[in-house]
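K.L.:
Dropping a structure here in structure tokens format, bear with me for questions.
No value in this document is a laboratory result; all are computed from the given coordinates. Since the model is a prediction, treat every value here as computed from it, not as a measurement. For neighbour counting, all protein chains shown are included, and Cβ atoms are generated from backbone atoms with ideal geometry for every residue, glycine included.
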Amino acid sequence: MPYFGSEEMVKELKRALSNPNVQADRLRYKNYITKVIRYMTQGLDVSALFMDMVKASATVDIAQKKLVYLYMCTYASDKPDLALLAINTLRKDCADPNPMVRGLALRNMCNFRMPGMTEYIEQPIVAGLRDKASYVRRVAVLGCAKMHSLQPNTDIDGTIVNELYALLRDPDPVVVVNCLRALEEILKDEGGVVINKPIAHHLLNRMKDLDSWAQSEVLTFLLRYRPRSDDELFDILSLLDSFLQSAHAHVAVATLRLFLQLASAHPAVQADALLCTSAPLLATCGAASRELRFAGLCHVQQVMRSQPGLFGTHYKRFFCGYSEPTYIKFRKMEILVELVNDENVALVLEELRSYCTDVSPELAQAAIAAIGRIAQTYSEKCLDILTGLLALKQDHITSAVIQMFRDLVWFCPQSTAAVCQTVEACVDSPQDSEQALLWLLGEHGDQISSAPYVMEGYIDGLKTELSSAVKMELLTASVKMFLCRPAETQDMLGRLLHYCIEEESDVCVRDRALLCYRLLQRGVEETRKVVTGPKSDPSMSVLTGRQEEPISQWASTFNTLGPLSGCDLCPQTAVISAADQPSSSAEKELLPESTDVTLSSPDDTEEEISLSLGPPLSHETFEKMWLDLEILQRQTMGFPRPRTALDTLQAALQLVKIQTLAFTPGATVPWKAYIYTRSTGTLILAELLQGDQHAPGIDESLVVSVKQQPVNQHAIRGFVSILKGVLQTLNVDSS
Amino acid sequence: MAASAIFILDLKGKVLICRNYMGNVNINEIDNFMPIMMKREEDADLSPVVIHGSTHFLWIKHSNLYLVAITKKNTNAALVYSFLYKLVEVFTEYFKSLEEESIRDNFVTVYELMDEVMDFGFPQTTDSKILLEYITQRGHKLEVGAPRPPATVTNAVSWRSEGIKYRKNEVFMDVIESVNLLVSATGSVLRSEILGCIKLKVVLSGMPELRLGLNDKVLFEITGREKSKSVELEDVKFHQCVRLSRFENDRTISFIPPDGESELMSYRLNTTVKPLIWIESVIEKFSHSRVEIKVKARSQFKSRSTANNVSILVPVPSDADSPKFKTTTGQAKWVPEKSAVEWNIKSFPGGKEFMMRAHFGLPSVESDVLEAKRPITVKFEIPYFTVSGIQVRYLKIIAKSGYQALPWVRYITQSGDYQLRTN
């Protein structure tokens, strides 16, 4: 920000700072330094004072030191040669007897973002890692990460990495967490810090000592760890149990995410965890800070994707308060729509109805849209409300209601009669909803007695109509109307076509008119065949219940930015979900060895992978390999095994080049099958299991465990998706 | 969480304070923040996450300031918001009130604090009590003894320093319950909940061990005293000093308290209770001439308690004028800037009913703007009373040096978000 006379100011400051009288008077000297920082904060370029400021760093006043360091960090990258002069002072401070000074100097030295810094800071950092004061160790550990970020492309220093891993056992909890953070940064290209069994157990035991920030982060790191046995898994879960109810929303949510991930093979445990966290989540939805409330609501929405019933009884928690910002109100309404059930529908609708008359038109329209969505299940009650709203004669309300009517008729044909009766009454529709009204008139003209007359009004006012979309809709609707009520419509349709063909300037409208004209020339029956389609969405019947998604669909983006911006209409949403998390193939649960593999969506792998049978495998070889190898991937299919005869299954698998080695005959439980196949140089072995006695809750679903030699994640993904496809097809066929 | 940078902006979006923690974002990115916000606000599409390219802005607003965290990573949003609010809390502790003025006046301390609470984008020491020990508003001279990192930084008990000494040892405990209420225009209770918390002010020497006994229903069931009056607490949350394992085992609340003021625990009660102060209102609007308001307030608690400083805020049309009031008790006044009548009652005993009538003139020319239906809000506090009936049965103070200490307990019930919708 170019200040008027800023150069003067800098000169004056320079004079003052180099004045020996000022330097002698400590208070005055410090005041001038404060002034420099103040200008710097205001965006003024005071880099010309660098030399004088470096001199000021040799002081005993710690606050002054901090100010000077802040100054140097800001301008170091602009004046690297001068910054080198300051390094000596800083290095001297790194050996100060006071840990406070040591830490301060080290932290700031690491903050100098300029090339060639590494050689100066490496030695103090290594010394800092072994400092006896934890304050210095904390700084030094993060210093390692800073040093790495200065030269991101250099080789990783193995000794520092080892030292950091060793410091995970530090008595100071912040040092421990900083180590994790630093290792994560340094080893970013290799997939981040490795959490093996001893580290995981160590971290779990330290959880109680950590502050809430650290807890939340450690929980995120633990996502990488996969317990080796069910016993270990349940030990971990019971250790973490109390954190589900943590006072800090972010810890509770992070714990929930870990639970969902660890227990992905145990749906009963997942459901329990969700039930347990529902109270803290609800509390977050009522938090004092609106941002946290918003975050809470977004996460409730996620949970409801799998467990729509979980919050049904708490619907009153999602009623909007008067002073809440609109982004919260919108979310709450979305949730209310989702949690409606037979018990609460009356009260929810009554509440939503009161929002329809809100002063904010956006909010009112959103509330009407919400009622419209509920109407797809509870059409009668909602129709009454929507019809009642028309009586208010508010343009923005009427327009939203008519649009809802159109959707409703399309999705629930049984409400057609009632809607038509209502539409009869509202002939002069406001802007924005003309298209919807015309569609209704055209589609159901036979049931709306006044339809041709309303239509005529539009045709007569065509010259003043601006929107070409409305004109096109009018053309289509008039043709439809002509088919069911020719006598009343013929004349005006002629006028409409004449106008649109002869006088209309918009090419699209003219072309549509010509199309209609030529179509009518072919005869009425021909036109009827072309114009009239199904009157309602053929794929939908009355919605009785919402689809419940598997938890794995959303668990991987849980507790990230994803849920918060997911509903934003930003083109960048893809960036967020892809930024850190392997979300696209989220349902695949990968073992830690493979987390560094960049995942692509399962769709495109399907085409590239090809399986082959190759020479048959003997039972003995298979058994030996099966015992030697480790499970690389285990996945719950989400559906039971096909009910077809087993020969059919075998034949179907053979068709896609998967060989069946053995299976349990008939309907025995647990049911198992061993299969194998080859693909681009690797051998894939797999076990299909249904009715695992270790996990009684999921006996309905098929679990696939895959082993491979040599490892090729790409091939596994292809194999699993092919296998899934086959089994699903068989399932559909047999039912 | 890795926040790349944290900014404090004024309402116009001008940067007051900026701290670039990671150096992986361009500081000028912040210039994109305000324009996006303005546009979003116009579209009524504001959201606490603002995205520009690959940069995410997570922001909160506090008085006349924006606190913005920039991140490039897909971080845990709740954590970032919590951190920003923590920052507000720390600043407030230091400067009494956090606003543009106090930031400008204390920017040196602000920088010092921002240096300590976060490093390389990761939260470090955020406990304001500990920070207060080594970052003071006055500059330190090394000769006088520069501040050492407090022992708490390495202590096993991270929330209390060793070697605290007082001449008189006391503990003050406040049991505060706030009532949230939402009543529909038809008079049915839509939401009623009680949020309770126990606040401590500790003036104790050394490392004392405290044990708190409540009339907790679960505890009474364990010990077989089911007949005594007890309360069922939900969503109990404790300060980190409370030993959770002991609480889970035998419901004992034992802890080494932080020095000074702190919140020991919070809880929630979902049991529906009768609204403490019930309001019936009739607002009749005669277009072009006048508005007549009749409000009846009834206290629905026992007559031995008294609500103090009751303030009932009734909305009136913004174009109303020439008010006239009549009350059976207390004073009513018109607050034009809030477009409301404020009816203040100094003391409101239980089981009583009071009335207020107000009359306003309306201009003969009516404005087209639709008025929002604002709710009636009520503020009050009732001392020596808790809705839940929670009681502190004992507070034992066990100190190694064996000094005598006095515990003081106070109960208070107050209004939280207490709203009654109007027609």
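K.L.:
Please arrange A:V174, A:V345, A:V507 by counting, for each residue, the other beta carbons lying within 10 Å of its beta carbon, fewest first.
P.N.:
Values: A:V174 27, A:V345 16, A:V507 9.
Taking fewest neighbouring Cβ atoms as first place, the list is A:V507, A:V345, A:V174.
K.L.:
A further question on this structure: Taking 8 Å as the Cα distance limit and 6 or more residues as the minimum spacing, I'd like the relative contact order of chain B as a percentage.
P.N.:
Details: 861 pairs, mean separation 63.1, N = 423.
Once divided by the residue count of chain B, the mean separation gives 15 percent.
K.L.:
Here's another thing I want to ask about it. Hey, could you pull the Cα Rg and Dmax for segment B:276-423, both in Å?
P.N.:
Rg and Dmax of segment B:276-423, Cα atoms, are 20.8, 78 Å.
K.L.:
Note down, for segment B:5-132, the three equivalent ellipsoid semi-axes (square root of 5 times each alpha carbon gyration tensor eigenvalue), biggest first, whole angstrom. The partial results should precede the final answer.
P.N.:
Details: eigenvalues 106, 57, 34 Å².
Taking √(5λ) for each eigenvalue gives 23, 17, 13 Å, largest first.
K.L.:
Between the DSSP loop rule and a limit of at most 14 other Cβ atoms within 10 Å, which GluC sites (Glu not before Pro) in segment A:475-517 are left?
P.N.:
Filter output for segment A:475-517: A:E503.
K.L.:
Based on alpha-carbon centroids, what's the gap between segment B:386-405 and segment B:189-221 in Å, whole number please?
P.N.:
One Cα centre to the other: 10 Å.
K.L.:
Helix A:290-306 against the longest principal axis of chain A: what's the angle in degrees, Cα atoms only, rounded to the nearest 10?
P.N.:
On a 0 to 90 degree scale, this one is about 60.
K.L.:
Post the alpha-carbon centroid distance, segment A:375-417 to segment A:158-234, in whole angstrom.
P.N.:
55
K.L.:
Assuming a ≥ b ≥ c are the square roots of the Cα gyration tensor eigenvalues, decide whether segment A:309-432 counts as rounded (a/c under 1.5), prolate (otherwise, with a/b larger than b/c) or oblate. List each step's numbers first, then the result.
P.N.:
Details: a/c = 2.28, a/b = 1.32, b/c = 1.73.
Taking the square roots of the gyration eigenvalues as a ≥ b ≥ c, segment A:309-432 is oblate.
K.L.:
Could you work out the Rg to Rh ratio of segment A:390-489, with Rh taken as the Kirkwood radius (inverse of the mean 1/r over all Cα pairs)? Walk me through the numbers before you get to the answer.
P.N.:
On the way: Rg = 12.6 Å, Rh = 13.5 Å.
Ratio of gyration radius to Kirkwood radius: 0.94.
K.L.:
Rounded to the nearest 0.05, what FRET efficiency is calculated for B:R393 and B:R357 with R0 set to 56 Å and r the Cβ-Cβ distance? Can you show the working numbers first?
P.N.:
Details: r = 47 Å, r/R0 = 0.84.
About 0.75, to the nearest 0.05.
K.L.:
Sort A:C508, B:C18, A:C94 so the one with the fewest other Cβ atoms within 10 Å of its own Cβ comes first.
P.N.:
Least to most surrounded, the residues fall as A:C508, B:C18, A:C94.
K.L.:
Report the Rg/Rh value for chain B, based on alpha-carbon coordinates and the Kirkwood definition of Rh.
P.N.:
Values: Rg = 26.0 Å, Rh = 25.5 Å.
Ratio value, two decimals: 1.02.
K.L.:
Okay, moving on. What is the antiparallel percent of DSSP beta bridges lying wholly in the protein assembly as shown, to the nearest 5?
P.N.:
Numbers: 134 of 148 bridges.
Antiparallel: roughly 90 percent of the beta bridges in the protein assembly as shown.
K.L.:
Next up: List the DSSP H helices in chain B whose Cα atoms stretch 24 Å or more along the helix axis and whose mean Kyte-Doolittle hydropathy is at least 0.0.
P.N.:
Details: long enough: B:77-95 (27 Å, 1.04).
Qualifying helices, which must be both long enough and hydrophobic enough, are B:77-95.
K.L.:
Please list 3J(HN,Hα) in residue order for segment B:296-309, calculated via the Karplus relation 6.51 cos²θ - 1.76 cosθ + 1.60 where θ = phi - 60°; whole Hz, with x for glycine and proline.
P.N.:
Going residue by residue, I get 10, 10, 10, 8, 10, 10, 5, 6, 7, 9, 9, 8, 10, 6 Hz, with x marking Gly and Pro.
K.L.:
I want to check the label-to-label distance for A:K381 and B:R225. Put each point 7 Å from Cα in the C-beta direction and report it in nm to one decimal.
P.N.:
Taking the two extended label points, one gets 4.6 nm.
K.L.:
In debye, nearest 20, what is the charge dipole magnitude of segment B:277-383 about its Cα centre with +1 on Lys and Arg Cβ and -1 on Asp and Glu Cβ, if you could check? Numbers along the way, then the final one.
P.N.:
Values: 17 positive and 12 negative charges, 140 e Å.
That gives a dipole near 680 debye.
K.L.:
For the pair B:K39 and B:L11, how long in nm is the line joining their label points, each one 7 Å along Cα→Cβ?
P.N.:
So the two model labels end up 2.4 nm from each other.
K.L.:
Another question, if that's okay. Using the count of nearby Cβ atoms within 10 Å as a rough guide to exposure, how do A:T159, A:T729, A:T74 rank from fewest to most?
P.N.:
On the way: A:T159 8, A:T729 12, A:T74 19.
Lowest count first: A:T159, A:T729, A:T74.
K.L.:
Restricting to DSSP H runs of at least four residues, report the calculated mean residue ellipticity at 222 nm for the protein assembly as shown, -39500 (n - 2.57) per run over all residues, nearest 500 deg cm²/dmol.
P.N.:
Values: 43 runs with 504 residues, N = 1158.
It lands at -13500 deg cm²/dmol.
K.L.:
Report, in degrees rounded to the nearest 10, the 0 to 90 angle that the Cα long axis of helix A:267-285 makes with the longest principal axis of chain A.
P.N.:
Roughly 80 degrees, rounded to the nearest 10.
K.L.:
List the trypsin sites (Lys or Arg not before Pro) in segment B:1-88 that DSSP assigns to loop (not H, G, I, E or B) and whose Cβ has at most 16 other Cβ atoms within 10 Å. Which are they?
P.N.:
On the way: sites: B:K12, B:K14, B:R19, B:K39, B:R40, B:K61, B:K72, B:K73, B:K86; in loops: B:K12, B:K14, B:K72, B:K73.
Passing both the DSSP loop test and the Cβ count: B:K12, B:K14.
K.L.:
Please report the relative contact order for segment B:5-132, taking Cα pairs under 8 Å with a sequence separation of at least 6, and give it as a percent rounded to a whole number. Could the numbers behind the result be given before it?
P.N.:
Values: 159 pairs, mean separation 30.1, N = 128.
RCO, segment B:5-132: 24 percent.
K.L.:
About its Cα centre, how strong a charge dipole does segment B:209-343 have in debye, to the nearest 20, once Lys and Arg get +1 and Asp and Glu get -1 at the Cβ? Each step should come with its number before you reach the end.
P.N.:
On the way: 22 positive and 19 negative charges, 148 e Å.
Taking the Cα centre of segment B:209-343 as origin, the dipole is about 720 debye.
K.L.:
Exactly which chymotrypsin sites (Phe, Trp or Tyr not before Pro) in segment A:1-75 are in a DSSP loop and have at most 13 other Cβ atoms within 10 Å? Provide the component values of the computation, followed by the final result.
P.N.:
On the way: sites: A:Y3, A:F4, A:Y29, A:Y32, A:Y39, A:F50, A:Y69, A:Y71, A:Y75; in loops: A:Y3, A:F4.
Answer in residue order: A:F4.
K.L.:
In degrees between 0 and 90, to the nearest 10, how far off the longest principal axis of chain A does helix A:713-734 point, with axes built from Cα atoms?
P.N.:
30
K.L.:
Please give the length that would be gained between B:L132 and B:S289 if that part of the chain were fully extended, namely 0.36 nm times their separation in residues minus their C-alpha to C-alpha distance (nm, one decimal). Before the final figure, lay out each step's value.
P.N.:
Details: separation 157, 0.36 × 157 = 56.52 nm, distance 5.96 nm.
Extra length available between B:L132 and B:S289 comes to 50.6 nm.
K.L.:
Assuming a ≥ b ≥ c are the square roots of the Cα gyration tensor eigenvalues, decide whether segment B:159-315 counts as rounded (a/c under 1.5), prolate (otherwise, with a/b larger than b/c) or oblate.
P.N.:
Details: a/c = 3.10, a/b = 2.00, b/c = 1.55.
Note, shape of segment B:159-315 comes out prolate.
K.L.:
With each label point set 7 Å from Cα along the Cα-Cβ vector, what nm distance links B:V365 and B:S318?
P.N.:
Distance between label points: 1.7 nm.
K.L.:
Would you grab the residues whose amide H sits under 5 Å from the one on B:E261? Only those 5+ places off in sequence or on another chain, please, with H modelled 1.01 Å from N.
P.N.:
Result for B:E261 returns B:V202.
K.L.:
Return the FRET efficiency for the residue pair B:E263, A:S323: r is the Cβ-Cβ distance, R0 is 35 Å, and the value is rounded to the nearest 0.05.
P.N.:
Numbers: r = 24 Å, r/R0 = 0.70.
My answer for the efficiency is 0.90.
K.L.:
Need the full-extension length gain, A:E503 to A:I631, defined as separation in residues times 0.36 nm minus the C-alpha distance. One decimal, nm. Walk me through the numbers on the way to the answer.
P.N.:
Values: separation 128, 0.36 × 128 = 46.08 nm, distance 7.27 nm.
Value of the extension gain: 38.8 nm.
K.L.:
If you don't mind, another one. Using only alpha carbon pairs under 8 Å that are at least six residues apart, calculate the relative contact order of chain A and give it in whole percent.
P.N.:
Numbers: 887 pairs, mean separation 49.5, N = 735.
This gives 7 percent for chain A.
K.L.:
Rounded to a whole number of µm²/s, how large is the Stokes-Einstein D of the protein assembly as shown at 4 °C and 1.567 mPa s, given Rh as the Kirkwood radius over C-alpha pairs? Write out the running numbers ahead of the final one.
P.N.:
On the way: Rh = 34.8 Å.
Stokes-Einstein gives a translational diffusion coefficient of 37 µm²/s.
K.L.:
What does the extension gain come out to for A:N31 and A:Q728, with contour length at 0.36 nm per residue minus their alpha carbon separation? Can you show the working numbers first?
P.N.:
Details: separation 697, 0.36 × 697 = 250.92 nm, distance 7.58 nm.
Length gained, A:N31 through A:Q728: 243.3 nm.
K.L.:
Here's something else I'd like to know. Please list, by residue number, everything in segment A:486-501 whose backbone N is under 19 Å from a paramagnetic label point 7 Å out along Cα→Cβ of A:V530.
P.N.:
A:486, A:490, A:493-501
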